[in-house]
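Here's the structure, in structure tokens; my notes come after.
The values are calculated or read from the model by the stated rules, or taken from the named source; none is laboratory data. Owing to the predicted nature of the structure, the values given are computational and were not obtained by experimental measurement. With ideal geometry, Cβ positions are generated from the backbone for all residues, glycine too; neighbour counts draw on all protein chains shown.
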Amino acid sequence: MLVQQCYDEGVAEADERIKILVATISQRNGPACAQLAESYLDHTSRMEKDLARPLADIPGWISGELTLSLAKQRLRNVELIRDRCER
């Protein structure tokens, strides 16, 4: 249970940083870049939800590990949008 809590905290931290980045993108990079970030996050959210059921059927820590890995990937990709997308 403690390990799962660590995974959950890691995901929550990544999600909080993503929210801040999206706000930064909206202000600094413009509406087209903000829309790209929102669209990307919408697609990844749906994909992660689709994976939740099969992951629930597999014993071990794979669910927490994969969920945290995907959250970190979302964070890196939103950072990429912030850094590379221009008005």
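Residues in region 40-87 that are aliphatic (A, V, I, L, M), over 19 Å from A14 (Cα atoms) and touching a residue at least 12 places away in the same chain (Cβ under 8 Å): L55 alone. The residues in region 54-87 that are under 16 Å from D42 (Cα atoms) and either outside any helix (DSSP H, G or I) or of a type in the set (V, I, T) (or both) can be counted, and the count is 3.
Applying the condition of being modelled with pLDDT under 95 and under 16 Å from K72 (Cβ atoms) to region 1-18 and asking which residue is surrounded by the fewest Cβ atoms within 10 Å (Cβ to Cβ) yields C6. When L21, L36 are checked against the criterion of being under 11 Å from C85 (Cβ atoms), at pLDDT 95 or above and in a helix (DSSP H, G or I), L36 stands alone in meeting it. Does S63 qualify as being of a type in the set (S, T, N, Q), touching a helix residue (DSSP H, G or I) at 6+ places or on another chain (Cβ under 9 Å) and either modelled with pLDDT under 95 or surrounded by fewer than 10 Cβ atoms within 10 Å (Cβ to Cβ) (or both)? Judged against the criteria, S63 is a match. Do you know which of the residues in region 39-54 that are surrounded by 15 or more Cβ atoms within 10 Å (Cβ to Cβ) and not β-branched (V, I, T) is nearest to Q4 (Cα to Cα)? Among those that are surrounded by 15 or more Cβ atoms within 10 Å (Cβ to Cβ) and not β-branched (V, I, T), it is E48.
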